[in-house]
Each structure stands twice: as C-alpha cells, then as structure tokens.
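**Q** My questions will all concern the structure given below.
The values are calculated or read from the model by the stated rules, or taken from the named source; none is laboratory data. Predicted model, so just to flag it, every value in this text is computed and none were measured. Reconstructed Cβ throughout: ideal geometry from the backbone, glycine too, with neighbour counts over all protein chains shown. Heavy atoms of the whole protein, side chains included, go into the accessibility calculation; ligands, DNA and RNA do not. Shrake-Rupley method; radii C 1.70, N 1.55, O 1.52, S 1.80 Å.
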There are 2 protein chains.
Amino acid sequence: MGEEFAVIGKRLARPDGAVKATGAARYVVDIKLPGMLVGKVLRSPYPHARIRRIDISRARKLAGVEAVITIDDVPPKTFNSGLAHIRLAPPLAKKVLRDQYILTDKARYVGDGIAAVAARNKLIAEEALRLIEVDFEELPAVFDPIEAMQLGAPQIHDSAPGNILQHMSYLFAAGDVAQGFHEADYIVEETFYTSKQRHSQLEVGAAIASFDGAGKLTVWSQSQSPHVTRRGLAELFDMPEGMIEVITPYIGGAFGGKSALIIEPICVVLAQKTGEPVKIEYSREEDFLVLPGREPFIQTVKMGIKKDGTITTLQTKIIANAGAYMVSASSIASFNINNFFALYRCPNTAGEIDIVYTNMLPCGPFRGFGNPEAMFALEQVVDMAAERIGMDPAGFRRRNHRRAGDPSWMASLPIASCALDECIEAGAQLIGWEGKRGLGTAKGKSHGIGMAVMSHPSDIYPVYTGHTGVFLKLNADGSANLTVSPVEMGQGSLVALAQIAAEELGIRLEDVHIVTGDTDVTLFDIGTFCSRSTYVCGNAVLRAAREAKGQLLARAARKLQVSADELAVSNGRVYVKRTPEQGLSVAEVAKDAIYNYEGEPLNISGSCSFESTAVSPSFQAGFVEVEVDTETGEVKVSRVVIAHDIGRAINPLSAEGQIEGAVAQGIGFSLLEDYVINRGTGETVTDNFTTYKIPSTLDLPDTEVIFIERPDPAGPAGAKGVGESALVTVPAAIANAIHDAIGVHMKELPMTPERIWEALKAKEIAT
Amino acid sequence: MGEEFAVIGKRLARPDGAVKATGAARYVVDIKLPGMLVGKVLRSPYPHARIRRIDISRARKLAGVEAVITIDDVPPKTFNSGLAHIRLAPPLAKKVLRDQYILTDKARYVGDGIAAVAARNKLIAEEALRLIEVDFEELPAVFDPIEAMQLGAPQIHDSAPGNILQHMSYLFAAGDVAQGFHEADYIVEETFYTSKQRHSQLEVGAAIASFDGAGKLTVWSQSQSPHVTRRGLAELFDMPEGMIEVITPYIGGAFGGKSALIIEPICVVLAQKTGEPVKIEYSREEDFLVLPGREPFIQTVKMGIKKDGTITTLQTKIIANAGAYMVSASSIASFNINNFFALYRCPNTAGEIDIVYTNMLPCGPFRGFGNPEAMFALEQVVDMAAERIGMDPAGFRRRNHRRAGDPSWMASLPIASCALDECIEAGAQLIGWEGKRGLGTAKGKSHGIGMAVMSHPSDIYPVYTGHTGVFLKLNADGSANLTVSPVEMGQGSLVALAQIAAEELGIRLEDVHIVTGDTDVTLFDIGTFCSRSTYVCGNAVLRAAREAKGQLLARAARKLQVSADELAVSNGRVYVKRTPEQGLSVAEVAKDAIYNYEGEPLNISGSCSFESTAVSPSFQAGFVEVEVDTETGEVKVSRVVIAHDIGRAINPLSAEGQIEGAVAQGIGFSLLEDYVINRGTGETVTDNFTTYKIPSTLDLPDTEVIFIERPDPAGPAGAKGVGESALVTVPAAIANAIHDAIGVHMKELPMTPERIWEALKAKEIAT
C-alpha cells in the first residue's frame, strides 16, 4: 500500500447508512422464528432479600405457559457476564470472579433475576410472572461503597468479607511517593466522585436462543464479543464451543454495555426446557433496571509539583462501587489506574483500588472503560497544579506529557507514536485559547474555556489475547466479500475495514461487501471494544487482502504475459506499471479465475490471523467553551474543539462521527446523566428517558474536529483508535471550563445546575 | 490420509438427521421476514395464447395489494432458468438459448406466468389475481414433438422455425456406421418412448426476495446451484454479483428440479416494486403445473452385432420434447447421447438429436440427466442382441463394456478406474442370476429376472467449470467449521464431506460442523448435481483440511519439542508416532492457538479452490426380479440388487440411502409416473399426489446393495459418485425382467398395467 491513497482517507458514506435509514436493517428485536416463545423474568423488588420459598405451581398451570424456571433449573455454576471467560495475560492475571448464578435465591439488587417463564405470548408470560408467589426475607441493604466497607455493614456475598470484592495496587508503581512529595514545592490533593451513567442504547436488551434437533444451540445476541459469548455459554452449559453459534445482527447501540453474557443464559435455559426458540426482549424500564451501567468511582488524587512545573509524584486511591456482582468492575478500575499513570512523566507513582460490592445494579464496560473517570480527576488536578505555579495549563501539559519512546500504559511497551503536542497546538489555535481564559464574570452568564488531554490504547493487547481473523474472497464482478468479526453497533468501523480492503485490492469501497455477525463463519476475535477494530482488524484485513491481491496479480500477469511485480492495481484495474494502457479489470481477472474452463480455476481468496504486538495509544486534546448561568447554575456548552492524534483517518467522516457521538455522550456524562435510586427502597428513580435525560441534538454544539495524521508504525496505513477518545477529554475539559467561568472546581459528576449553584453559594460564603 | 481409516468408511449417522426428524430444520417455506408480502402468479389456462389486453386496474385498487406486475414491469431481457448462465467449456459450447421472459405476453403452456401480485396476505393476493382481466387470443397448440416438427404446425417461438429448438450430432462419432452395419451379422433396431416424470419433492416450490436499503438483494432459494442463481439474477437484473446474496437453507428434495432461476425472478421484481420482502410459495397444484419435469425422449436405437458378440455399430436418433422453453433440454439430450456411447466398445458410432418445442411444461434436469433414458433404450437393445445370438446378457455386457484406459463419456479423457466386471459378478451371484432366467409362465403370476448396467460421471468436468472452494476453521474445542457449497437437499453428501474432514484432521465426525447455504460465505461452486459433491468437493475438503492439519501439527510440534513430521493425529489427539503416549489433544492445541497470550495466536484454518481434472465414472450393475400378473398386467418388483463401483464408500449408510432412494424413484419412473395432460385443452390431469402416484414404502422391495470398493486414483480416498446411479439401471432392468417374465419388450415408460396387458394381448394375437 503506497502513500498515495485512492480509498483510504476519503470521506465515504458507510454502506450500512442507507440500510439503517430505510429501516431495512434487522436487529435482534426484529427477528421472529417459527414457534418462538416469549421469555420474561421475575425480578426482585428488594435490593437485598433472601428467598424463603417460591411457589411456581400456579404459573405453571396457566394455559400457554411452556416453562417456569427458578434457581433449581439453572446450571449449578457461577458465571461472569463480562469478558471473564477469556484468560488474562499472565503478568496481569487477576482473580476473576464468577459470582453470579443465572437465577438467584438471594437478591442483591432491585432487578436481580429470581425466576423466568416462557409462554406463547407476552401477556401470558406477564400473567405467569404475577402468579409466581415469592416469600422474601428482606435484608438490610447498602448502596454506598464506603458504608459497605464499614464494620457491621450488610454482607452481600459470603465470599467477600467487608464487601471488598478485590483490592489492587498499581502494577507499574515506581520510585518512592513519600520522597516525591518531600521533593515537591506544592502538593495538590482532591477527591472526585463520578456517576453511574447509563449506556442508553436505542435498542432495548434482547436475545433469542434456539436448539436444533441435533443439540446445536443458536443464540441471536447483541453481544459486542460474540466469540466470548460462545465460550462463556460453552462453559456455563458444559457444551463444546463448536455446538454453539452466536449470531449478532445489527446492534442498536452498545457503547460497551452489550457484554458477553447478560440476557443469553436465561434464554438458553428456557429454550432447553421448552425445546422451542425463546426470545427475551426487555421493556425500556427493565433495560434500565438490569443492563449494567458505568462504574462509579471515588478517586483521591495527590500530585506533587515543583515550581518549574515538574511533576514529582502522582498518586491515586480509588474506591469503586461495583454494585451487586463483579462483571467487569476490576478490569475497568485497573484500566482507569493504568491510563491515569500513562499520560504524564513522573518518577514516583503509586495507586490503590478497593472494589466494593453494594446493593446497586452491577457495572459493565462503558465507552472509555475507566479512562474518562481517571481523566476527570487527573486533568482537573493538572489545571489546579498549573494554576498553583502560575503556568498556562496547555504549557504545563506540553511540558509533562509522555511521548514516543516513553512507556505506554503497559509500562513494558513503549509508545510508538505521539502527536499530542500538535493536538494541543492545533486545538488551542482553532478555539482561540490565548486570550480567552479568565474572562468569567461573577454575575449573569459567565463564559469559560477549558481543556483536557488523554491517551488511550488502540487495542487491549497485551491484556487479553487480542488477535483477530479475517477471510476474504473475490467475486466474479470484481467485488470482495470480507468476513470480519467486529459487530456493527453503530460505530462504523466496518466502513474503515472495507476501505482498507478496497485500497489494498485496488477496488472501490462499494465493491467490498462485509460479512460478519456469525461465529460459525467468522474467525476468532475477542470483541468490538477498546477502540480496537480499525487498528487490529484493519491490520488483519490488510494482510488477507494482500494475499488475495497476490493471486490476482499472478493471474493477471499470466494473461498479460508480464511478471506479477510489473503490475499494479487501482480503480478496479490491474495494469502494467510502465505501460499503464496495458491492463485488465479486476472483474475480468476475478471472473476469469472463477469461470474460465481453460486453465486452473480459482476463487481468489485470502485469510489472516493477526495479533498486534505493539501498543499504539492515540492522543487527544479536547477544548470546550461554556456559558454558566450564575443565577441557575445551568451550563451550556457553546463550543467543542477536538484535536485527535489518529495516526491516519481511514474514513474521516466516520471517525468524526465517532468523535461527535463521544462528545454528546461526554456532555451527557458531564452535565445530565446519573442512575438515581431511592436510597430508602433501592428502587430505580431514573428508569426511562423521561426521568433519565440524555442530551438531544438541540442540546449539543457543533463539534469541530481536527485530525493530526502522523502514521503510527504499527497501525494499518498508520491508523490508531478513535472511538472512545472524546468521551475521555470532554468531562474534564468542561469541569475546567466551568472553573474558568465561575472559579469553582466541580468534583462530582454530573455537574448539575443544583450542584453548581450550591458550589457558587459555598464559594460566596467562603469569600 | 492412510489406508486405515478411522472415520471414512464408517456407517455414521448424518448430523442433519436429528434436526430433520425433530422438525427443527428450517426450509424456505418456514422463513418469515418482518413485513414480508405474499406473491402470487397469474398463469395461463391455455396452452398457447396471445394476450391481447390485460387490465390490472381493479387488482391494483384492492386494499392490501402492494404491487401488480405484467410483462411491462419485468426487465426486457430473456433468460434461461437452468445453468445457461455459466459458460460451457469451449469444445462443447452450444448455442444456449435464453428464450423466456419473467412474465410473458404469449403463453406457451398451461401455467405460463402472465402477471403477478404482491399483497399483505394470501387471500388478498388470490383475490387480486381474480380481479386481473385478461383478453386471450387462443392459438392452436401442439404437444407431440413429431407433430410439432410437421409443416403447418403451430409456431411456438419465432426464433425456432418448425419448432426445432436445436439439432445436435454426437460429438465423438467415430468410424462409419454404414460399414459397421454391413459387417454385422445381425441388426437390432427399436424405438423407445420415455415419459415426463415429476420430481415430486416434498417441499413445494418457494422463494423469497428482499432488498435492503442499500440496494443489496438477498434471495432465499431452493436452488441446487446458488452461485449460478446469483450469477443469473445479476445478468437478468443488471446487478453486480457482489450485491446479491443467495441463501439456501435446508431444501425439501430437489432431484435436479430446483434449477437456478425459477421462482426467484418474479419474487425479485415484486420486491423491487414494493420495497418489501416478497415470498412466493406454490400450492401443490401450482408446483405440478410449473416446476419443470423430466425430458421425454423418443429414441431409435440401432445396433449391429456379430455372432461372437462383437458390437460393430451403434447408432441413436433422439427426438426430445423440450416443452415450451429450453431450460436444460439440450444439455440433458447431449448428456443422454454421450453416456449412451460411453458404456460399450464400438468402432462405428453416430447419433443425432432433434430438440423440439411443444406447448408442454418445460423440462429441467432430473436425477440421471438423460442417462436413465439412454440406458432404458440401450440396455434393452443389448438384451435383444444377446438373445439374438444366444448369449447370456451378463456375459454379453462383460464382453463389450469399456474399462479403465478406454475413453470415457468425454472421449478425450480415459476412464480412470472400472470395476464393472466385479459388479456384474457380485450382483449376479447375490440375486442368483444363473438358473433364474426363463422361468416365466404364460398365465397367472409370472416371474422374471433382468439386469442392466451403466456408467455415470462423478462430475460435470470438463463440460462446465466444475471447481469448488472450501474454507475450514478449527474451534477451541477441537471441532471444525467446514464451509462448503453443496446444498443439503436430502442427499446426505454433507456427511461424507464432514467425514473426509474429520479423517484428515484426526477428529470425530460430530466435531465437524458444516456451514453452507450462503453465497456471501461459500466459495464458488457450480452446484449440487451430477453425483459430484463427494467426489469434487471431497477433494477440496481434503486439501483444506490438510492445510489446517499442517498448522495444527506445527503448533503441536513446538509444544512437544519434536518436528512436525514425527507427529500423527487421530481420535482427537496429536501424538508422537514412535512414542504415542506423548501427545496433546487437538482441542488443547486449537484452544491454545486461539487463546494463549504467549506465543503467536492463530485461529487454525485452511482453504482450497479445487477442480478435478480427471473423469472418474462410477459403474453399476442393477438386477431386479419381478412378478407380472398376466391377467391384470400389474408388475410387482420383488427384489432389487444393486452392485455399485463406488471407488470408496465414504459413508456406506448414506451411500446406501442414495441407492435406495434412486431405486424407489426408478421404480416409480418404470411403472407409475407420468405427467399426463388433456391433449384437447392442454390442462394438467396429474397435478397432485392423488392423481400422480409415486411409490410408497409399501410398494418397494428391500434393496440389497453391494459396494465394490476399488479406490479411484482421482477421488478423495478413492471415492466416486453414487447419487443418481440406481435410477439409471433400474428402469432398463425392470423392462428386461418383464421380458424375461412374459416375453414382451416394453418400449414405453411408464410400464403401466394397461400397457403390459395390451402388449400381452398383442403378443397373443401375433402368436
């Protein structure tokens, strides 16, 4: 692949755009199988309760009910609904907890599944749930992680005394933090509280399970990790993986929330019991009640600095509110701490995490995976430190951030490329950083500007086995079917993969047809998350396409009576480099390969199993301007500039879409979104979009995006990740802008009008 | 692959057996898509009529009708519903006629499609058909091919004066037939009439077409040649092949009758017009009316023989009744004539075919593809010749049949292996040939015994491009997903392919999971017909499995610290050949390859694009015993022995099933089945299973099967074809047995009681 690109770098429309816009795209909720039953789950109304007795006899007798199940009917095995069924890399191997049964006899949060039914239709299923009689023994509940760790707190899991699920220390801690603080001229120490944002996917949670007569299980799932879902089900149900097929059609939004095993296990049990396909489709309220949310952290950050801006020490202590089950709580906290320390050079570092069970809804991965929370704390502390020594925060960051050659978030692996300086410069210039700071007014609508930076890995290597397989075949029309693993959940990485294939094969984007979403067909891939699809799968696509191209050129060479290395291919045409008028269309060569009787027929194809062995974090500088109403505390984000070190923007249009979406979700996280429960009853207050508000397009400013393209040596065509990045910088940048506007540091998310108003009042009283 | 097999040659149950027996298998008729409309076709009630005017306005206004189409709405392009959209090999290239529009303004048979509707449900669609007003100009019709060729006969297609669709001569004619007849001591000359058997598949004809919003067309089809269906639709609708996906789920019987383009084109037009998925599902009557049947031939065979049994000349003249459109009429006739001459050594040969249009239902491929008809004639003539010179018919055949090294049906390519002598010997011995002949009685129930032999190619090479592609991947449980092209239409070749993969990979049959039925996923394959799947695809599977095995052994070698060539694999275990206790399970190696973080991760896989370059006809001797009721003319087949030269029986159970099914279909063809029309009106008399009788299990004798296994050098593990064979020998063997019982040669199919009674009467009168 040369440096002059025909397809890569172009703002090309996504092939799935029209399919979705016209309503032709099919999601799990759209799928109907013959004889399919409706599954419904009976959920605990209490946050903490033992089930003394459960009587399902009346429900079972109801006409049209095909199965009623309780804990007695599910495999006597615990599981973890996250990625725990994939082994971690040895140096990072943590105790992975499988702390959950498919149905429970001890409810640990409001919504915990107690029983389930399969019935001919939804109304019968709902009536059957009403006929199940449960005798609950209510237990005292605890929702706050600090309270949960206190002596005498309700004990949620027998295996976790004091409700401490796990304690972890920062793996790559270095130097001596005490000495570092001793050497510092100033110390900044603050505590930050982040909230339980919901993923708010438009498609409600749903799954279907169906057994064929030979015992093969097919699951229609919204999983972002279909191969892990397959493995998890295999372990849970003691089935060989090969007897399980996980199909992931279009997914109506995921953002990390569609983990490996959530709805699927109950579906499978019901399908086993009834011998019929069973679909569970959540109502919006149930979706809010049950699908894991973002992990709330209490982060105490302490930084030592010298007058010249040198960071001498960095320390973080985290208390994570895991909720009722582990899911991915430890991985997220660990990712938080590793990325926390990955951004700035500092000789003395230390970090500690307590992950605590409470009677809250569990936490799953969420776009950013702990990094937005880490940066919400760190990047405010950086602003405070810069302010303390009277340095421009942009300059402070430029002075201290890590660069190429420095250790990455995996301390053993160096950063391959870093264009954060250019990001800071370009972003600052576009937003007009110089001269806009400090213009806040005490009264009325006060203007503020703020920034934050971040680094974020482009893959999970080397934490998990991050390899990915690709298969590609050429059709007789010169088009290619590209079989790849990423699921299409709105993110648009498939268009980038198609562009990489098109570029290498010298064909048009519209001639690359993606095949995905079926574990019987796709090669192994750990999943669609961690901003990794373009980076890792793109590399695999490039290599598979190269193999097919080799066959294409070899056949064309025979026809043109030249050697293959005299040939090039572009615009759907193979031609002789020195006499470009001499050539053949790709379609001619591919068609001839398939259909020509004379000669050796061949369906040109290529395959590749690839694992990245580099760490190529992307970097970003995010800038925002806000207007704070000092009377009401309301914040309006008036401008967002994101400068992102993307290595190479394979499809700038789609990459911008990712930035824009993440900005929106970042603004929601910053200002609006939290999962609120009634602390008395444990019941969910925010269980639909009238009580849980996400920003609408009218709430959002235009996002100005700058891509800094300095090709990374390990990325396909130099590309690095982009998907999560803006959600990492935006909350901290907004907090810093609010501080610029009104002089208060907002240390708790979301930064609601009430909290800002209270902070202003407190400041008034203090001054 | 060694000569000692662990999986090959075993009578293992088909993986799809349980799926079908439990009703879990899904067929096109089972598939329901959201928003799917019902398509129905208005068909001509006249065998030959011009449409003066068609008024669809009332139909269009009916509530719930989404589209009404006529010839004005279909592409102004002709097509051919057979394999004509694949180029023939140059030496055999014939004029391929595309003589059919999707809907017509001139009906050429009762059932010809004139208009179609798509509506919200079946009742509305049927009502809409009733509301279409057609002004027909009835034209004189002709059903008999000889009448059709006469001066003044109705002209069916403007392009075919005298209704002669095509005239062909035998391509490999040799010597001088006149001279041959001159040298002969005796000449036998007879004319034979074969009938229009119906495929009688249990699943009625059905198809679904659906466009997504991006213009991609997905077709659910019963096609035996999904890749050809894709190509045909691409040509017809001017779409790139890559924008069309043909999905073939389980098919409820095909037998050649599910050609490339039958129901699909109308579905596609209706889906285009409505923007919604459209399904057409035939009623049983419509299925009989429209799906092409077997091609009836009038064959005049002339053989010159010497007293010593030498055949001096062989000549055949064929008149084929193509019906209203070409479909595969020429290919079938050409296959008839090539196989006719492929069986016996003879220096002087000549053959001529006239393929004639009539106002009958068109003809499609049907199990045997002209060879049963050829043998019905030839093998009776052989018996007559043997009788004339007083030679045992078995001995006559043994003396004259071609053997390894002789030219095959493709004269340029030699026969690779031939065990026909052993077939004749083994079959004759089992049935007790010696001493059972000539025991017929003039009155009451008369016993007879007869035999016939045949050769049949195991592939269509070199007529069409017969290559096939296979992709295979290993799962972490040591199982494999094997992506192959053959559709599962009941024949069971998939189990043989799975056994070949299992054998080569050293795993169990149940650990090979077949993936098929989706052109987006499978590599090119011309189709599932001509007894070719095990032979051709089996070779591709073998090579793809070998590639994967190479990766498997290489990784195991690294773990076991030996070199790969010191290793073997069987029973799911890789072991060191000289110290077999040292080893690893395939699952361990495969799982480690996928999941192990340390080392190079890999989803072990293999792919292969294979074309056979040999012709490996299978041979067969079929023996039957019959009891003829001389009072009623009724024939009971009391015993069938089939000795088949299969090369290697990959799965004897499933191969026997193929023989048994073909015997049943052969008995039906011989005694019961014909598509009867009213010669006055052209209307179908036999349009369901009460008027068109097929043999039930109660009508069938047990079939005794002998496989002669002499591995063919070109077949996978030595295997040759089997699927069609018994339908080729049975009709001629029954005719010869009837002659043995009652002394009359039955020269017309089916050999009904009426015809036998009449022949007996004629014989009585003559003697």
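**Q** Given B:Ala717, B:Ala726, which one is in the same structural domain as B:Gly323 (by TED's automatic domain parsing) and either basic (Lys, Arg) or closer than 22 Å to B:Phe192 by Cβ (or both)?
**A** When all the criteria are applied, what remains is B:Ala726.
**Q** Out of everything in region A:607-624 that is under 30 Å from A:Leu343 (Cβ atoms) and not in a loop (DSSP other than H, G, I, E, B), what residue ends up being nearest to the other protein chains (Cβ to nearest Cβ)?
**A** So, considering only residues that are under 30 Å from A:Leu343 (Cβ atoms) and not in a loop (DSSP other than H, G, I, E, B), the one nearest to the other protein chains (Cβ to nearest Cβ) is A:Phe610.
**Q** Considering only residues that are in a strand (DSSP E or B) and either under 30 Å from A:Lys32 (Cα atoms) or open to solvent by 10 Å² or more (accessible area, probe 1.4 Å) (or both), look in region A:277-297 and name the one that is modelled with the lowest pLDDT.
**A** A:Gly293
**Q** Let me ask something else about it. Report the residue count in region A:249-276 for those that are open to solvent by 10 Å² or more (accessible area, probe 1.4 Å) and under 23 Å from B:Asp511 (Cα atoms).
**A** 2
**Q** Among the residues that make up region B:421-436, is at least one of them under 28 Å from B:Thr528 (Cα atoms), in contact (Cβ under 8 Å) with a residue 12 or more places away in the chain and not polar (S, T, N, Q)?
**A** yes
**Q** Please verify whether A:Gln620 is modelled with pLDDT of 95 or more and open to solvent by 30 Å² or more (accessible area, probe 1.4 Å), treating the condition exactly as stated.
**A** It is false that A:Gln620 is modelled with pLDDT of 95 or more and open to solvent by 30 Å² or more (accessible area, probe 1.4 Å).
**Q** Report, by residue number, each residue of region B:479-507 that is more than 8 Å from chain A (Cβ to nearest Cβ), in a loop (DSSP other than H, G, I, E, B) and modelled with pLDDT of 95 or more.
**A** Hits for region B:479-507 are B:Val484, B:Gly506, B:Ile507.
**Q** Taking the conditions exactly as written (within 14 Å of chain A (Cβ to nearest Cβ) and within 25 Å of the chain's Cα centre (by Cα)), does B:Ala24 satisfy them or not?
**A** no
**Q** Related question: Please tell me if A:Lys77 is open to solvent by 60 Å² or more (accessible area, probe 1.4 Å) and either part of a loop (DSSP other than H, G, I, E, B) or more than 30 Å from A:Ala719 (Cα to Cα) (or both).
**A** It is true that A:Lys77 is open to solvent by 60 Å² or more (accessible area, probe 1.4 Å) and either part of a loop (DSSP other than H, G, I, E, B) or more than 30 Å from A:Ala719 (Cα to Cα) (or both).
**Q** What are the residues in region A:583-606 that are facing chain B (nearest Cβ under 8 Å) and either open to solvent by 30 Å² or more (accessible area, probe 1.4 Å) or farther than 24 Å from A:Thr522 by Cβ (or both), if any?
**A** A:Tyr595, A:Asn596, A:Tyr597, A:Glu598, A:Glu600, A:Pro601, A:Leu602 - these are the residues of region A:583-606 that are facing chain B (nearest Cβ under 8 Å) and either open to solvent by 30 Å² or more (accessible area, probe 1.4 Å) or farther than 24 Å from A:Thr522 by Cβ (or both).
**Q** Taking only region B:562-587 into account, find how many residues are in contact with a Gly (Cβ under 9 Å, 6 or more places away or on another chain) and in contact (Cβ under 8 Å) with a residue 12 or more places away in the chain.
**A** 13
**Q** If I ask for residues that are open to solvent by 30 Å² or more (accessible area, probe 1.4 Å) and of a type in the set (Phe, Trp, Tyr), which ones from region A:679-696 would you list?
**A** Scanning region A:679-696 gives a single hit, A:Phe689.
**Q** Quick check: is even one residue across region A:707-728 part of a loop (DSSP other than H, G, I, E, B) and β-branched (Val, Ile, Thr)?
**A** So far as region A:707-728 goes, yes, one or more of its residues are part of a loop (DSSP other than H, G, I, E, B) and β-branched (Val, Ile, Thr).
**Q** What residue, of A:Leu671, A:Leu698, is in contact (Cβ under 8 Å) with a residue 24 or more places away in the chain and out of contact with any Phe, Trp or Tyr (no Cβ under 8 Å at 6 or more places or on another chain)?
**A** Within the list A:Leu671, A:Leu698, the selection yields A:Leu671.
**Q** Name the residue, out of A:Thr310, A:Thr300, A:Thr316, A:Thr274, that is over 30 Å from A:Val19 (Cα atoms), modelled with pLDDT of 95 or more and touching a Phe, Trp or Tyr at 6+ places or on another chain (Cβ under 6 Å).
**A** A:Thr316
**Q** Looking at region A:171-191, I want the residues that are in a loop (DSSP other than H, G, I, E, B) and have a partner that is acidic (Asp, Glu) with Cβ atoms under 9 Å, at least 6 apart or on another chain. Which pairs are those?
**A** From region A:171-191, the pairs are A:Asp185/A:Asp308.
**Q** Which of the residues belonging to region B:441-462 are touching a strand residue (DSSP E or B) at 6+ places or on another chain (Cβ under 8 Å) and surrounded by fewer than 24 Cβ atoms within 10 Å (Cβ to Cβ)?
**A** Of everything in region B:441-462, those that are touching a strand residue (DSSP E or B) at 6+ places or on another chain (Cβ under 8 Å) and surrounded by fewer than 24 Cβ atoms within 10 Å (Cβ to Cβ) turn out to be B:Thr441, B:Gly444, B:Lys445, B:Ser446, B:His447.
**Q** While we're looking at this one, here's another question. Of the residues that make up region A:314-326, is at least one in contact (Cβ under 8 Å) with a residue 40 or more places away in the chain, outside any strand (DSSP E or B) and of a type outside the set (Gly, Ala, Ser)?
**A** yes
**Q** Sticking with this one: Select from region A:728-752 the residues that are in contact with an Asp or Glu (Cβ under 7 Å, 6 or more places away or on another chain) and among the aliphatic types (A, V, I, L, M) and write down the one among them that is farthest from A:Val382 (Cα to Cα).
**A** A:Ala737
**Q** Restricting to region A:345-398, what's the tally of residues that are open to solvent by 10 Å² or more (accessible area, probe 1.4 Å), within 26 Å of A:Ala178 (Cα to Cα) and over 24 Å from the mean Cα position of the chain (by Cα)?
**A** Summing the residues that are open to solvent by 10 Å² or more (accessible area, probe 1.4 Å), within 26 Å of A:Ala178 (Cα to Cα) and over 24 Å from the mean Cα position of the chain (by Cα) in region A:345-398 gives 14.
**Q** Still on this structure: Which of the following residues is of a type in the set (S, T, N, Q), within 26 Å of B:Phe366 (Cβ to Cβ) and either open to solvent by less than 10 Å² (accessible area, probe 1.4 Å) or not assigned by TED's automatic domain parsing to the domain that holds B:Gly718 (or both): B:Thr483, B:Thr468?
**A** After applying the criteria, what remains is B:Thr468.
**Q** More than 14 Å from chain B (Cβ to nearest Cβ), among the acidic types (Asp, Glu), surrounded by fewer than 24 Cβ atoms within 10 Å (Cβ to Cβ) and part of a helix (DSSP H, G or I): does that describe A:Glu627?
**A** Spelling it out, it is not the case that A:Glu627 is more than 14 Å from chain B (Cβ to nearest Cβ), among the acidic types (Asp, Glu), surrounded by fewer than 24 Cβ atoms within 10 Å (Cβ to Cβ) and part of a helix (DSSP H, G or I).
**Q** Answer yes if at least one residue in region A:419-429 is more than 30 Å from A:Pro716 (Cα to Cα) and over 23 Å from the mean Cα position of the chain (by Cα), and no otherwise.
**A** No - not one qualifying residue is present in region A:419-429.
**Q** On to the next question. Of the residues that sit in region A:508-520 and are open to solvent by less than 20 Å² (accessible area, probe 1.4 Å) and under 24 Å from the mean Cα position of the chain (by Cα), which one is nearest to the other protein chains (Cβ to nearest Cβ)?
**A** Per the stated criteria, the residue is A:Val515.
**Q** Quick check on A:Ala544: is it touching a Cys at 6+ places or on another chain (Cβ under 7 Å), touching a residue at least 12 places away in the same chain (Cβ under 8 Å) and aliphatic (A, V, I, L, M)?
**A** Yes; evaluated as a whole, the condition is true for this residue.
**Q** Something else about it: Considering only region B:145-168, state which residues are in a strand (DSSP E or B) and open to solvent by 70 Å² or more (accessible area, probe 1.4 Å).
**A** Result: B:His167, single match.
**Q** What are the residues in region B:39-74 that are hydrophobic (A, V, I, L, M, F, W, C), open to solvent by 40 Å² or more (accessible area, probe 1.4 Å) and within 32 Å of the chain's Cα centre (by Cα), if any?
**A** B:Ile71
**Q** Consider region A:631-681. How many of its residues are part of a helix (DSSP H, G or I) and not aliphatic (A, V, I, L, M)?
**A** 12
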